[in-house]
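The values are calculated or read from the model by the stated rules, or taken from the named source; none is laboratory data. Quantities reported herein were computed from a predicted structural model and do not represent experimental measurements.
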Amino acid sequence: MLAALPAQGIDRATRLGLALAPHLETDAWRNLAAHVAGLARCATGARQTLTAWLGDVLAYGGAHGRGSSRNAPKPPGLDPGTLRNAKMVCTRIPLSCRHDT
């Protein structure tokens, strides 16, 4: 799944989240959000990883004036409340502090 991510805009990708480039352009952010949402749309497993990735993309967008979660692509099968929660968790817990439990 990591190989399916675009190289542009991502500093580091793990199964617990994404560290995005500090100065990601708005169009690049939107493309990345759409790409990760597309992965979530096609995936049959690894829902937790994809939810964390989407949470990180949404948190980055909110912190850098890219718009709210309502403006980001929404993959089917993920409730909007789940995306809001993922964004909140990813905003509050840095990638370096996350663990499986």
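Details
- Residue match in the range 61-83 (condition: modelled with pLDDT of 90 or more and part of a helix (DSSP H, G or I)): no
- Looking only at residues of the range 40-49 that are part of a helix (DSSP H, G or I) and modelled with pLDDT under 85, we find that the one that is farthest from ARG92 (Cα to Cα) is CYS42.
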